[in-house]
Amino acid sequence: MKFYKYAIVCLIALLIMTYIDVDKEDVYKEYVYASNEIIIDDELGDDVEEILDNSYDEVVDDVLEIQLGKLSRYGPDCYLCTGYLAYGLYVGSGTIYYNDNYYGNVRILAGDKSYPFGTIVRVSYDMESFLGIVLDRGGSIGFNGKALFDLLYPNEYLANKDGVNYNTKFEILRYGF
C-alpha cells in the first residue's frame, strides 16, 4: 500500500515540476530534492521553491548493498531484554521510531555488528516497504543468526502476533551515522 502512495506522490511531484510557472528567459540548470520541497536553481541566482504536501517523506538514495533474508520482530519486554537498545536509547515505553537528521522518522532495527549504529536500511516484503535504522544488536540476529534483521515493536505480544517474514529484501542506503 505504501508503494502505491509513494508512486502517486512521485507522479504528483513530476506534474508539479512540469507546470511550474517560470519566465521564458530563465534557463534552469539543476533540480535539488529535499524530503518535502523542490528547489530549482537557475543561472541568474534566483531560487524558486515549491512546497509539496508530501505524506511519504522517504529520501531516495543510491543503494550501497542488497541482502535477502528473514525479518523477525521483537519487543523491549522480550526475555532478557532491559528496554534499552545497544545504542543506549530507552524504548521500554513503546517507542519504535527514531528521528534521523536526514531520513526523518524511521523504524528501529537490530542488526549484525558488521552494520554500524546509524545504518539506514530500506526493508521490503510482500507489498510493504519502510526505512529502518540499526540501533540494536541481538544474539540470534545477523548473518549467522536466525534472522538478518529484527524489527522493534512496542511489545513482545505484538511482535509475536506479526511473526516472521521470509524472503525480505534489505537495501542498505547508508553505513553508520
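The values are calculated or read from the model by the stated rules, or taken from the named source; none is laboratory data. Note that the structure is a prediction, hence the values are computed from the model and not measured. All Cβ positions, glycine included, derive from the backbone under ideal geometry; neighbour counts span all protein chains shown.
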Could you list all residues from region 148-172 that are surrounded by fewer than 21 Cβ atoms within 10 Å (Cβ to Cβ), hydrophobic (A, V, I, L, M, F, W, C) and part of a strand (DSSP E or B)?
-> 172
Check residue 113 against each of (1) in contact (Cβ under 8 Å) with a residue 12 or more places away in the chain; (2) part of a strand (DSSP E or B); (3) out of contact with any Leu (no Cβ under 8 Å at 6 or more places or on another chain) and name the one condition it does not meet.
-> (2)
Pick out the one residue from 145, 104, 139 that is surrounded by fewer than 17 Cβ atoms within 10 Å (Cβ to Cβ) and over 17 Å from residue 177 (Cβ atoms).
-> 139
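Look at region 116-128 and say how many of its residues are closer than 17 Å to residue 86 by Cα and either within 15 Å of the chain's Cα centre (by Cα) or part of a strand (DSSP E or B) (or both).
4
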Please go through region 68-91 and pick out each residue that is assigned to a loop (DSSP other than H, G, I, E, B) and either at pLDDT 90 or above or on the phi > 0 side of the Ramachandran plot (or both).
-> 75, 76, 80, 83, 85, 86, 87, 88, 89, 91
Go through (1) touching a strand residue (DSSP E or B) at 6+ places or on another chain (Cβ under 9 Å); (2) among the aliphatic types (A, V, I, L, M); (3) surrounded by fewer than 20 Cβ atoms within 10 Å (Cβ to Cβ) one by one and return the number of the condition residue 80 breaks.
-> (1)
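Is it the case that region 143-152 has a residue that's within 16 Å of the chain's Cα centre (by Cα) and farther than 20 Å from residue 63 by Cβ? Walk me through it before giving the result.
Going through region 143-152, the residues within 16 Å of the chain's Cα centre (by Cα) turn out to be 149-152.
With farther than 20 Å from residue 63 by Cβ added as a condition, the list becomes 150, 152.
Yes, region 143-152 contains a residue that is within 16 Å of the chain's Cα centre (by Cα) and farther than 20 Å from residue 63 by Cβ.
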